[in-house]
Each structure stands twice: as structure tokens, then as C-alpha cells.
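The values are calculated or read from the model by the stated rules, or taken from the named source; none is laboratory data. This one's a predicted model, so the numbers in the text were calculated from it and none came from an experiment. Cβ: placed from backbone, ideal geometry, glycine included. Neighbour counts: every protein chain shown. Areas reflect the complete protein model, heavy atoms only, side chains present, ligands, DNA and RNA absent. Shrake-Rupley method; radii C 1.70, N 1.55, O 1.52, S 1.80 Å.
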Amino acid sequence: MSASPDEPLVVDARGERCPLPVIRLARLVRGLPPGEVPVTVRVLATDPAAASDVPAWCRMRGQRFVGAEAEADHTAYVVEVTPTGPAAER
Amino acid sequence: MPSHDPGTNVGPPQTPAPDGRRRLLDAASGPLHPVARDTLVAALSAGWADPARLHAEGRTARALLDRSREVIASGLGVRPVEVSLLPSGPTALERAIDGVRYAARRRGARTVASAVEHSAVLVPARARAARSDDPALLAEVPVDGLGRVDLETWERALAAPGTVVAALQSANGEVGTRQPLEDAHAAARAHGIPLVVDAMAGLGRDAVPEHWDVLVGDARSWGGPPLGVLVVREGVRWQWSGARADVEHGRTDVSPWVPVALAAAEAWQQASATTAADEARTRSLVGAVREAAAGVPDTVVVGDPDDRLPHVVTFSSLYVDGEALVGALDQQGYAVASGSACTSSTLEPSHVLAAMGVLTHGNVRVTLPLPAVSPAIEADVADFCAVLAPTVARVRSELGVGDL
């Protein structure tokens, strides 16, 4: 996956129960090269807990929750992350 | 003759702790206050009869039931005729709302309730709205990040035509946050709408609420057995369609079992005698748990830090499921609850955590027992605080998320 601004990164966590959608989001962000430009990530999930947990993760990790979009059989949670790299975390 | 039939013998269900000691940090439903336990056992002999019977045993049971009601009424600052005893707190809560709504059925059928009310409020109200194909029959008023109801929205919701009943808890049993009852009651009163206050989480542990028209409690919160307490303030329009006038002032069709009522009254007397001292003790212990939890990486402590129940605290840790945390703590001898729904059969996480918009996974809920129930409560909490961070770290590492 490339972090081009035109093509948002996607975490496809459909069918997965909490806390997996948030774990996969955090893992993807951790693997991104550090940068100052925010990267858009779409988290696709069917687990109802994601509606609270994705925004909560953003708040706890200092990232920006943009919004949720209802799709046919799942919800897409849009997040803008500024990758800091593994070393700078915590 | 020895039998291989396990029958109803109850063995110890607990996982023994490494040091053999269990630490009860989930007192939402017991165990009984030790004095109430003795009362219950004694009442099995003295108060077994149907209080409606005319024989000596029935009259004894009636006298014990009346005495129980007087104790509870006096503790709540109401008159015995205002108090009905129902099989459980949630039953009483659902009935409390039904009675207000039924009495006002010619004016409308709309319910206003906070989004963090007990499911005994929300589930039937949602079902009724769905059956009538009218979502407006229930207004769920949102709460802020601490779990406190939004008063402006509350007032607006009450103003909608056809609103006949409002429901708000005195404090939330999952996160501890108290609700602004005085303002919420004033707003309801301005529209002539009775306010049902659910005090199931706090009676016996926190001050008795003053601002209500119908009050609901559960004897479990003060160390008693499961018993619903429904108080309808004199002058409040309340009627139940299924009433039998001779049972519990027409507010239920089931007479309470007298031993349970007596044990509930005894527990009230015991707990209320020490509420102020117990409150101070548990409040400082909850403060210690809040501090320990806040020190665990990527963990959020939920609910109001000050304006809250003295004995309830909950927190959520990123990247773990609550069930795994409960299991890991259980193995070490700690009984705690969780509002997460990651691996359990429940598909929805706690509606309270979701309404507050806080992290629902990795949730642990501590409800401290009365000090009389757990005399070693200080040591239990200190031990819990000490194992918390290492336990979360170990569960994270077992789940392969220790690096996140």
C-alpha cells in the first residue's frame, strides 16, 4: 500500500470483532514512515464496537477522527493520521 | 447411600488465587451483608407463610413484611404506603415507567430517557417504539464524555407533544457518574411530566436522591438480596393496568417473599448506619484505583472523577479484549466485571460506554463491596492496584500487541 494523498489507505476489518479493527489500524500506522503530512486511512468494519473504539483510539493517540460513512453492509471510519514512527511513539 | 448425581450441592465455583484468597471487586449483585444473611436464614423459619393468610403464621409473616416496609420507607424518607416491594430492581424500574405512562394514556405515550439508562428502561421503550412504527415514542437524550445527560436536549425533548414520562438515573452503575437530578426534575415538572429516578446503583452507598416523583431501588446495592423497591410519591398520577389492589398497593401482582423483604430491611439498617464512613473509605479506594489505572499505558479512566458514586470505577485499555483482562485477573484471585463485548455472545458492547463515546474494548469495571462484606477491602484494592499494570502488559504481550 502506498501513502499517496489521492488514494487513502484501507484497513479492511469487516467481520472482525473488537479489538481487532483498532489493532490493525494501530499496526498500519506504526508501519508508516515518519512524516509531517497527515495520511488518510479508511477503516472498514462491521463490529458495532468500532463506532466508539476508532474515535476513542484517535483521541487517546492524538490522531484526528474525520467521520463515519455508512456503506451497504459495513461502516467506513475515516481517520487522518500523522505517522510518528515506532521510535517516537509513547 | 452416596449419589453420583451432583444435585443442587453448590461447590466453590471460584478459581483459587495463588495465595488462596479471593478479592471481591464486583459487588453489583452481592454477596449479602453478613447480618442480612443471618436474618434471611432466621426468617426462613419465622416468615415463610403467605402474608395474606389469616392463620397465626400468616399474621406473623404480615407483621414482618410491614416492619420491613417501614424500615425501608423510613430510610428513604417516605411513607410506607408509598413503597411497594417487587421481585427485582429492573422489574420495579420497568413497572415504574409503565405506571406513569398508563396513568397518562389519554395525553400521550412518549418517553424521554437518557441514553445511559438501565436496559429495563431502554429495551422495552425501544420495542414499543418499533411496534408502533413511531421512533418518536422514545427520545434517548445524549450524554457527554463523562456520561452526564445533556440538559438542554433533555429540556427540548420534554417539550415535545405527547411526552408523559421522563426517566433518569441518580448515578450510573457502570461508570459512576451522577446525574443532575435537581435540574432534570425542575425541567420535567415545568412540563407536568413525572420523573422516574433509577437509584439502583447508589442506594445505601450514596445520599438518597431528593428530586423525583417515582423512585426505584434494588436491595442488592445496600448488601441485601435481589428485591425491587418502587416508591410512588403521594399525589403522582400512577396506575398499572395489571394491578390487583390487594397486593403491594396495586403496583404488582406478586407478593414479595417475606424472608427476602426482611433481609433487605436488615441490610438497609446495617448499611445506612455506616454509609457516611463507608462512603469516605470507598471513595478514597476508588481514587487509588483511578490513579493506578491512569498509570497503565494507553488506558483511559472513564466517568466523572469527582461527581460520582463512591464505590464504582471503570477503565478501558487499548488493544485487549475486556474478557481476556477479566480472565487474567480472575486467575490471580480478583473478581471484576467488564462492559466489553469482544468475545462474549453479546454482540453489542455496553450501551453506556458507547453513548459516552469512550473506548469499549479492554474494559474493566470495579464495584467495591461494603466494607462489612469485605473487611479486607483496603488490602484487596492495594493488591489490585499493584497487579493491574503487569496484568495488562502480560495480556497485551500474549495477544501480540505489546509493541503497539
Checklist outcome for this item: Output field shielding_mean for A:13-24 (other chain Cβ, 10 Å radius) holds 5
Item to check | Spacing of the two label points (7 Å from each Cα toward its C-beta) at A:Arg24 and A:Ala68, in nm | outcome: 1.7
Item to check | Accessible surface, per residue, of segment A:9-88 when the full set of protein chains is kept, probe 1.4 Å, Å² | outcome: 45
Checklist outcome for this item: Computed over chain A: longest principal axis from alpha-carbon atoms vs helix A:50-60 long axis, angle to nearest 10 degrees, is 20
Checklist entry - Hey, can you list the residues from segment A:45-76 whose accessible area shrinks by 40 Å² or more with all protein chains present, relative to the chain by itself (probe 1.4 Å, no ligands or nucleic acids)? => result A:Pro48, A:Ser52, A:Asp53, A:Met60, A:Arg61
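Compute the signed sum of charges (Lys and Arg +1, Asp and Glu -1) over the other residues within less than 13 Å, Cβ to Cβ, of B:Gly77.
That works out to -2.
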Checklist entry - How many Cβ atoms of partner chains, on average, are near each residue of B:358-371 if near means within 10 Å of its Cβ? => result 3
Checklist entry - On the accessible surface of segment A:9-88, probed at 1.4 Å, how many percent belong to carbon and sulfur atoms? => result 54
Next on the checklist: With 28 Å as the cut-off, how large is the P(r) tail for chain B, expressed as percent of Cα-Cα pairs?
Outcome noted: 50
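Provide the packing ranking of B:395-402, B:26-33, i.e. peptides ordered by the mean count of other C-beta atoms within 10 Å per residue, highest first.
B:26-33, B:395-402
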Item to check | segment B:36-272 - percent of accessible surface contributed by carbon and sulfur, probe 1.4 Å | outcome: 51
Next on the checklist: Highest mean first, how do B:324-332, A:33-41, B:297-305 rank when packing is the count of other Cβ atoms within 10 Å averaged over residues?
Outcome noted: B:297-305, B:324-332, A:33-41
Checklist outcome for this item: Relative contact order in percent for segment B:301-396 (Cα pairs under 8 Å, 6+ apart) equals 33
Item to check | chain A: angle of helix A:20-31 to the longest principal axis, Cα-based, in degrees nearest 10 | outcome: 20
Next on the checklist: What translational diffusion coefficient, to the nearest whole µm²/s, does segment B:191-231 have by Stokes-Einstein, given a Kirkwood radius computed over alpha-carbon pairs, a temperature of 20 °C and 1.002 mPa s viscosity?
Outcome noted: 202
Checklist entry - So what's the net charge close to B:Arg156: Lys and Arg +1, Asp and Glu -1, counting the other residues with Cβ under 15 Å from its Cβ? => result -4
Checklist entry - Can you give the accessible area buried between chains A and B, summed over both chains, with a 1.4 Å probe, in Å² to the nearest 100? => result 1900
Checklist outcome for this item: Other residues with Cβ under 14 Å from the Cβ of B:Ala56 give, with Lys and Arg +1 and Asp and Glu -1, a net charge of +1
Item to check | Computed E for A:Ala76/A:Glu36 - FRET, C-beta separation, R0 25 angstrom, nearest 0.05 | outcome: 0.50
Next on the checklist: On a 1.4 Å probe surface of the protein chains, which of B:Asp38, B:Asp198, B:Asp383 comes out largest in accessible area, and what is the full order?
Outcome noted: B:Asp38, B:Asp383, B:Asp198
Checklist entry - Where both partners of a DSSP beta bridge lie in chain B, what percent of those bridges are antiparallel, to the nearest 5? => result 55
Checklist entry - In whole Å and largest first, what semi-axes does the C-alpha gyration tensor of the protein assembly as shown yield when each eigenvalue is scaled by 5 and square-rooted? => result 43, 29, 19
Checklist outcome for this item: 1/(1 + (r/R0)^6) with r = Cβ-Cβ of B:Val41 and B:Ala63, R0 = 30 Å, i.e. FRET efficiency to nearest 0.05, evaluates to 0.95
Next on the checklist: Counting just the Cα atoms, what span does segment A:9-88 cover along each of its three principal axes? Round to the nearest Å and put the largest first.
Outcome noted: 35, 20, 19
Next on the checklist: What number comes out for accessible area per residue over segment B:218-298 if the probe is 1.4 Å? Units Å², please.
Outcome noted: 41
Checklist outcome for this item: Applying the span-like rule to chain B (DSSP H, Cα extent along axis at least 20 Å, Kyte-Doolittle mean at least 0.5) gives B:258-273, B:377-398
